[in-house]
Amino acid sequence: MSKIKKVLLVTVIVIVCIIGLLIGQVIYLAHPTKGRIIDQYENPKQALLVIDIQEDFTGTTAKAPFPYKDSDRLIRTVNAITEAASAKSMMIVYIRQELDGLMGKMLSHLFAGGVAIRGNPGTAIDKRISILSDAIFPKPRSDSFSNPELEKFLIGNHVNELYLVGLDADGCVHVTAKGALNRGYRVNIITDAVVLKDEDRWEELLAEYRQEGIQLMLSQEFLTGKSSN
């Protein structure tokens with residue numbers, strides 16, 4: 001084998017290995033986590049999770065392919081929901097995406113314009129969001145439970161039911177819902193308080209939610225306690 005062919009072969013092998021690592025990392029970051037099944041609490045509580053409504057995705061530092069086009073409506077709806085949740089004495093938890101490490105940063109630059117990288121100002125919660133608690137948890141993966149401190153917080157407060165809002169409905173919201181189901185939580189998604197980049201996926205995604213055992217509701221139902229049916 002000539003020297004040139006050897007160099008080409010080594011180059012191809014290196015490229016294939018890098019691609020394999022990137023694919024593996026994408027699968028790892030997007031995969032729901034598993035954890036201990038929660039106990040049957042005597043006086044269980046509910047928590048609202050506000051997921052990834054950050055400057056890089058909806059606010060001032062957002063750049064293509066962000067911000068989400070209906071982020072103003074989303075934030076108004078989420079703020080109304082957090083106010084209602086506070087009035088109901090529900091736990092309110094804020095989740096922030098923070099990608100770290102070489103692979104996380106590389107994937108962010110390759111596929112999302114370098115957003116949500118730990119240490120950058122764009123990881124801050126969108127300044128328009130009402131912050132009604134100090135329960136704020138960064139996460140390194142799509143699943144909010146990838147931060148073990150969130151799991152400890154929910155267990156410590158005897159939470160057995162979650163309400164999810166934020167973004168993306170086909171990404172971190174959905175993966176967090178799966179992570180919660182893996183632990184025995186009852187999971188609700190407020191469908192007009194989440195956004196979806198690929199809007200053509202809505203009906204298919206809603207069907208997936210129902211099949212997985214996720215409960216769906218509109219914000220009006222949450223605010224008033226009355227079913228929209």
Looking at residue 36, is it outside any helix (DSSP H, G or I), charged (D, E, K, R) and either open to solvent by 70 Å² or more (accessible area, probe 1.4 Å) or at pLDDT below 85 (or both)? yes
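Given 186, 201, 210, 128, which one is without any contact (Cβ under 8 Å) to a residue 60 or more places away in the chain, of a type in the set (Lys, Arg) and within 24 Å of residue 83 (Cα to Cα)?
The unique qualifying residue is 186.
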Scanning the range 109-127 for residues that are open to solvent by 20 Å² or more (accessible area, probe 1.4 Å) and touching an Asp or Glu at 6+ places or on another chain (Cβ under 6 Å), which turns out modelled with the highest pLDDT? 124
First in the range 78-92 and part of a helix (DSSP H, G or I), second anywhere and modelled with pLDDT under 95 and among the aliphatic types (A, V, I, L, M), Cβ under 8 Å, 6 or more apart: 80/223; 81/223; 84/223
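Could you list all residues from the range 50-77 that are among the small types (Gly, Ala, Ser) and in a loop (DSSP other than H, G, I, E, B)?
Of everything in the range 50-77, those that are among the small types (Gly, Ala, Ser) and in a loop (DSSP other than H, G, I, E, B) turn out to be 59, 62, 64.
Residues 220, 215: which one is touching a Ser or Thr at 6+ places or on another chain (Cβ under 8 Å) and under 22 Å from residue 89 (Cα atoms)?
None of the other options fit; the residue is 220.
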Pick from the range 197-222 the residues that are under 19 Å from residue 74 (Cβ atoms), open to solvent by 70 Å² or more (accessible area, probe 1.4 Å) and in a helix (DSSP H, G or I): which of them is modelled with the highest pLDDT? 220
Members of the range 141-165 that are surrounded by 15 or more Cβ atoms within 10 Å (Cβ to Cβ) and either part of a helix (DSSP H, G or I) or free of Cβ contacts under 8 Å to residues at least 60 places away in the same chain (or both): 144, 145, 146, 147, 150, 151, 153, 154, 155
Quick test for you: out of 201, 186, pick the one residue that is among the basic types (Lys, Arg) and closer than 20 Å to residue 223 by Cα. 186
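Per-residue answers, yes or no, for (1) open to solvent by less than 80 Å² (accessible area, probe 1.4 Å); (2) more than 19 Å from residue 198 (Cβ to Cβ); (3) at pLDDT below 95:
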| position | (1), (2), (3) |
| --- | --- |
| 26 | yes, no, yes |
| 29 | yes, no, yes |
| 46 | yes, yes, no |
| 51 | yes, no, no |
| 60 | no, yes, yes |
| 70 | yes, no, yes |
| 80 | yes, yes, no |
| 94 | yes, yes, no |
| 107 | yes, no, yes |
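The values are calculated or read from the model by the stated rules, or taken from the named source; none is laboratory data. These numbers come from a predicted model, not from an experiment. FYI the Cβ positions are ideal-geometry reconstructions off the backbone, even for glycines, and counts take in every protein chain you see. Ligands, DNA and RNA are stripped out before the accessible areas are found, and what is left, the full protein with its side chains, is counted by its heavy atoms. Shrake-Rupley method; radii C 1.70, N 1.55, O 1.52, S 1.80 Å.
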